[in-house]
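Computed from the coordinates by the stated procedures, all read-outs in this text should not be read as laboratory data. Quantities reported herein were computed from a predicted structural model and do not represent experimental measurements. Every residue, glycine as well, gets a Cβ built from its backbone with ideal geometry; the counts of neighbours run over all protein chains shown.
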Amino acid sequence: MTRPCNDTFLRALLKQPTAHTPVWLMRQAGRYLPEYCETRRRAGSFLQLCKNPALACEVTLQPLARFELDAAILFSDILTVPDAMGLGLYFTDGEGPRFERPLREEWAIRDLAVPDPWNHLRYVMDAVAEIRRALNNTVPLIGFSGSPYTLACYMVEGGASSDYRHIKSMLYQRPDLLHHILSVTADAVAVYLNAQIESGAQAVMIFDSWGGSLSAAAYREFSLAYLQRIIGRLVREKDGQRVPSIVFTKGGGLWLEAIADIGCDAIGLDWTIDLGEARRRVGDRVALQGNLDPAVLFASPEQIAIEARKVLDSYGADGYGHVFNLGHGISQFTPPGNVSALVDTVHEHSRLLRRKMHKLSSSA
Ligand code: CP3
């Protein structure tokens, strides 16, 4: 398999020089796009959309047809893994994801098993392969999974939660049970991501959306340790190309040095941390991805350009090792035209910064 025509994203993750800063957006295929809503309606529901490889491929490509994005991300959801473990995932309007059988009883926890990705999650592998064919090496494809701790939050709580009462009670009262859930889930995530790589994913990202709700010590023991185990088991190279990994702990800004030490290639950042400061803290150990506040996209195109330039300037003129992204998923209320303004500014301004830098260095 050859490298994609536009491999800026992969190069940036490996901290290699690039002519511009690559950009993609978390949740880039989603409800802010009318064409997404139309395909979702045809599929019947969000879950049916995820489980239909042809339609999942169609929505993956929709944002790329509109914007000059430097990467595609598999259309799916992090909760397909616990669904394959038998918890019964469903979505309710307004309330988000829920499980029919939350993990609360010791016997159910002891029964938990690693699903075979080629069997129970075959539809994801088929989608990855179909998307790779459709992309035809234009831009790289990102595969993803949830982190064990974030998946466990949904599995134990039974859905979204405001206080994490059930999982945190388990964490402090029965840490052995939580460790068991996390251990089986980490094994499931590792084989799942490796199957995505085998099917054609060229980089992988792990979403640890709720790790930031933990104390520093609990984060290390219940989230980071399992992220490290997964990273250690990932396939590092496919067809002679390195497959970079990105770890995104929302609210993890305090723990960057520790995250940089687990062996991932890049860290995803939310918008609460200054990007330049984050870069100084991790040094050249990892690349960084982020970190514009998604709410900036509610402002005017002029204001969006100003805020995007601030992020690029903060990282530094060379831009090497930076992938531009939002600090969290794009809101469903984002006007699509504002996304064009963002993507175009990132490309133009990062090219300008590099030109200025080269001029300075050649005149020095
Ligand atoms: O980034 C992408 O474009 C890839 C697709 C993707 C989705 N979910 C599609 C989706 C990815 C990478 C995810 C990850 C995901 N899913 C996370 C981690 C990232 C984060 O947001 O913190 C989490 C926690 C989930 C679980 C989940 N799925 C929630 C909480 C919701 C409801 C949110 C809402 O806005 O209602 C979903 C549904 C979901 N996943 C949608 C999309 C496009 C909206 C579903 C719809 O069409 O109704």
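Taken over segment 112-181, the convex hull of the Cα atoms encloses 118 Å³ per residue. Exposure proxy for Leu13, Leu182: other Cβ atoms within 10 Å of each Cβ, ordered fewest to most, give Leu182, Leu13. Considering only Thr21, Thr39, Thr80, the Gaussian network model of the chain with Cα springs below 10 Å gives its largest mean-square fluctuation to Thr39.
With 27 Å as the limit on Cα-Cα distance, the pairs of Lys15/Lys356; Lys51/Lys168; Lys168/Lys250 that go past it are Lys51/Lys168.
For the chain, the longest principal axis of the alpha carbon atoms and the long axis of helix 301-315 meet at an angle near 90°. Counting only residues at least eight positions apart within a chain, or on another chain, the aspartates and glutamates with an alpha carbon under 20 Å from that of Lys359 are Asp313, Asp318, Glu348. Projected label points at Arg122 and Leu61, each 7 Å from Cα along the beta carbon direction, are separated by 2.4 nanometres. Between Asp261 and Cys5, the distance separating the two model label sites (each 7 Å from Cα on the Cα→Cβ line) works out to 4.4 nm. As a length-normalised measure over Cα pairs under 8 Å and 6 or more apart, the relative contact order of the chain settles at 21 percent. Shown for Ser245, Ser340, Ser147: other C-beta atoms within 10 Å of each C-beta, ranked fewest to most, produce the order Ser340, Ser245, Ser147. The length gained on full extension between Gln16 and His358, counted as 0.36 nm times the residue separation minus their Cα-Cα distance, comes to 121.5 nm. Which shape class, rounded, prolate or oblate, goes with segment 244-306 when its Cα gyration tensor gives a ≥ b ≥ c as root eigenvalues, a/c under 1.5 marks rounded, and past that a/b bigger than b/c marks prolate? Taking the square roots of the gyration eigenvalues as a ≥ b ≥ c, segment 244-306 is prolate.
Counted by neighbouring Cβ atoms within 10 Å, the residues Glu277, Glu58, Glu35, Glu221 run from fewest to most as Glu277, Glu35, Glu221, Glu58. Shape descriptor for the chain: Rg over Rh equals 0.96 (Cα atoms; Rh from the Kirkwood inverse mean 1/r).
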